[in-house]
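Structure record follows, encoded as C-alpha cells.
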Amino acid sequence: MNPILPGAAIGVLGSGQLGRMFALAARRMGYRVHTFSPDSDTPTGQISDVEVTASYDDLDAVRSFASKVQVVTFEFENVPAATAAAAAAAAPVRPAGSVLHTTQQRIREKTFLLDSGLPVTPFRIVRNCDELIAAIAELGCPSILKTADFGYDGKGQFRINSPTDASLAWRSIGEREAVLEAFVPFAKEVSVVAARGLDGEFMHYGVIENEHRNHILDLSLSPARIPATVARDAAELARAVLEKLSVVGVLCVEFFLTHTDTLLINELAPRPHNSGHLTVDACVTSQFEQQLRAVCGLPLGAPTFHCPAAMANILGDLWGNGSPRFDRAAALPNVKIHLYGKSEARPGRKMGHLTALASTLDNAIETVLAARSSL
C-alpha cells in the first residue's frame, strides 16, 4: 500500500490538546490537518488548516469531512462507533474503528485482555445492584466500581470499602453498566506508549513512571525506576496488545506494578497519552510524530531518549489567583513550556504541562517541580 506523503490532508476526530500536538507535528512535516468536533476555536482547531464544527452524530457531516482527507485518526476515544464507521466509508481510519470499539468501553476492553491471556486486574461485570452485591462478595473490599464507558481522570468511579456501600456506590455512578475491580495495593503506576506501523513494525518508549493526584496524572518520569526485567516484560505486553488488536497508530498501556514486581494491565488508551508528552522534548521522534508516521504508512521513527525527563501537568487551579508567571518557568533553561490554548481555566482541567530535561532523573524531577512551583 502506498504511503500518504507530506502535502496530504490528515483528518482528526476530536479537538483537544492531543490533537493540537499531533497537528503541530503533522504541519511541521508538511501535512495539512482537518479537525472535527462539536466545538469551535479548539486546541486542535487553532493549529489546523480546517476546523469542522458538527456533532459526532451528524454522519453526513462526518462523511463529508472524511471525503476531503486521505486518512482519519482520532485523539479522543469516546467518538461513537457509528462516527468511525461513517468516516471509514470515505477514508481509511487508523487505528481502526474496531480498536476504538474495544478500548472505549471497560467491559469490552477487560474481556479482550482476559480472553487474550494478558494480565488484568480481577474484575466482575455489574449491570444492577444485586450483581454488584454478589461481585463485592467475590472480590472483597476494598474494591473499585467503574462505569463501563465515559470514564477518565477518575470520573465515574467509586471506592467501596464495605459491602454496605453497595447501594450508595450504584447510585453514585448513575445506576449504569459497570465493572467492579479488585483493589490492587500497587507499588507504582507505569505506562508504555507504543506504536505499530501499517506493516506491523513496532516501536516503544520504554516504561514511564506516573504519579497521580486526585485521580489526575501529576508527574510522568522517564526512565521509570523499576528493574530491567520488569521493563522488558512491560514492553512485550504492550507489543502483544498492539498486535492482538492490529493497531495502526499509537496506543498506551497503563499498568499497576505490584510490590512483588508483577504487572497488571489497568487500562488501554488507543492514542497518544498524557504520560508520553515528555517524548516531544526528550526523544528523537515524539509520540505525536510517531502517530502521524504510523497512520500515513511511513516507517516509524527512532523513539530514542536524548536524556532523562520529567513532565508535570499544569491544571486550571493555578489560575485561581491570576495568570501564572510563566516567565519564571522560562528562566530555567532546561524547562519546556507547553500550553494548550484553552479559553477557560477550571479546577482540575489540564491547561498545559512542563517538561524538564537533565543528566539524571532526580535532577529532572527537582527542576520540573521547581518550575511549576515558580508559576
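The table below lists the values:
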| item | result |
| --- | --- |
| The chain: DSSP helices with Cα axial extent of at least 27 Å and average Kyte-Doolittle hydropathy no lower than 1.0 | none |
| Phi-based couplings in Hz for segment 161-174 (Karplus 6.51, -1.76, 1.60; Gly and Pro marked x) | 9, 8, x, 5, 7, 4, 5, 5, 4, 4, 5, 5, 9, x |
| Net length gained if the chain between residue 218 and residue 360 were fully extended (0.36 nm per residue, minus Cα distance) | 49.2 nm |
| Positive minus negative residues near residue 204 (Lys, Arg vs Asp, Glu; Cβ under 10 Å) | +1 |
| Pairwise label distance in nanometres, residue 330 with residue 184, each label 7 Å out on the Cα-Cβ vector | 4.2 nm |
| Loop-resident sites, segment 307-372, for chymotrypsin sites (Phe, Trp or Tyr not before Pro), counting at most 14 other Cβ within 10 Å (DSSP) | none |
| Lysine pairs in the chain with Cα atoms under 24 Å, if 8 or more residues apart or on separate chains | 13 |
| Candidates per trypsin sites (Lys or Arg not before Pro) in segment 211-278, loop by DSSP, up to 12 other Cβ within 10 Å | 225 |
| Difference of contour (0.36 nm per residue) and Cα-Cα distance, residue 369 to residue 346 | 6.2 nm |
| Charge context of residue 240, other residues only, Cβ under 14 angstrom, K/R +1, D/E -1 | 0 |
| Extension gain from residue 172 to residue 115, taking 0.36 nm per residue of separation minus the Cα-Cα distance | 17.5 nm |
| GNM top mover of 246, 275, 191 - the chain, alpha-carbon springs below 10 Å | 246 |
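Where a number appears in this text, it was derived from the coordinates with a stated rule and is not lab data. The shown structure was predicted, so the numbers you read here are calculated from the model rather than taken from an experiment. Counting neighbours? That spans all protein chains shown, and the Cβs are built from the backbone with ideal geometry, glycine included.
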